[in-house]
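K.L.:
Have a look at the structure that comes next, please.
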Amino acid sequence: MKLQQLSVFLENRPGQLKRACDLLAQANINIQTLSLADTKQFGILRLIMPEWERAKTVLEEGGFVTKTTEVLAVQVADRPGGLAEILTQVEAVGLNVEYMYAFTFGREDRAVLIFRFDNPDKAIETLKAGGINVIGGVDLYAR
């Protein structure tokens with residue numbers, strides 16, 4: 001149920017994002033979804049992809065610093081209140097959302113939220129008990 005997210009640290013200057021994406025494209029590695037956050041000195045490119053191990057190698061060989069993190073992919077109703085329902089469940093048991101990002105993936109009225117929780121195992125247990133679909137890599141990457 002847990003996914004590996006690849007975080008790539010980018011210098012906050014023109015061309016760094018493109019260089020990372022070029023390396024992945026040249027290696028024929030497809031990105032499922034991503035998020036980019038920045039500070040004054042650097043950015044963090046967070047990537048979800050089936051071939052995260054190969055991507056890590058390619059990017060590190062290209063001079064980038066990377067880190068892997070366990071995240072959860074949670075299917076949510078793509079309608080007002082969908083996210084609020086999930087947050088109600090995790091808040092009730094004291095879980096902290098460290099960050100999250102979302103994407104749609106062409107399945108009816110559903111979206112996927114990528115969550116980084118302070119306790120991923122407790123989050124899986126809580127969400128499943130509440131009838132929330134936590135998606136594994138096989139389902140997430142299926143076309």
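Any read-out appearing in this document is the output of simple, stated calculations on the displayed coordinates, not a laboratory observation. Note that the coordinates shown come from a computational prediction; the quantities given were computed from them, not determined experimentally. We place every Cβ from the backbone using ideal geometry, glycine too, and count neighbours over all the protein chains shown.
K.L.:
For the charge dipole of the chain, defined by +1 on Lys and Arg C-beta atoms and -1 on Asp and Glu C-beta atoms about the Cα centroid, which residue among N119, T88, M49 has the Cα displaced farthest towards the positive pole?
P.N.:
M49
K.L.:
Can you compute the label reach from T57? Point 7 Å from Cα along the Cβ direction, backbone N cut-off under 20 Å, restricted to segment 1-21.
P.N.:
Counting backbone N atoms under 20 Å from the label point, the list is 4-9, 20-21.
K.L.:
Oh, and also: Given points 7 Å out from each Cα along the Cα-Cβ axis, report the N12 to Y99 separation in nanometres with one decimal.
P.N.:
1.3 nm
K.L.:
Quick one: V97, V65, V8, fewest Cβ neighbours within 10 Å first, how do they rank?
P.N.:
Least to most surrounded, the residues fall as V65, V97, V8.
K.L.:
GNM, the chain, Cα, under 10 Å: largest mean-square fluctuation among K40, K122, K56?
P.N.:
K40
K.L.:
Mind putting a number on the dipole of segment 70-141 about its Cα centre? Charges go on the C-beta only, +1 for Lys and Arg and -1 for Asp and Glu, and I need it in Debye to the nearest 20.
P.N.:
Once rounded to the nearest 20, the dipole reads 120 debye.
K.L.:
What shape does the chain have by the C-alpha gyration tensor, where a ≥ b ≥ c are the square roots of the eigenvalues, rounded means a/c under 1.5, and otherwise prolate means a/b greater than b/c and oblate the rest?
P.N.:
prolate
K.L.:
Hey, what number do you get for the chain at 222 nm if only DSSP H runs of n ≥ 4 count, each worth -39500 (n - 2.57), divided across all residues, to the nearest 500?
P.N.:
-9500 deg cm²/dmol, from helical runs alone.
K.L.:
Another question about this same structure. Please name which of A37, L24, V65 has its Cα lying farthest along the dipole of segment 11-81 towards the positive end, using unit charges on Cβ (Lys, Arg +1; Asp, Glu -1) and the Cα centre as origin.
P.N.:
The listed residue farthest towards the positive side: A37.
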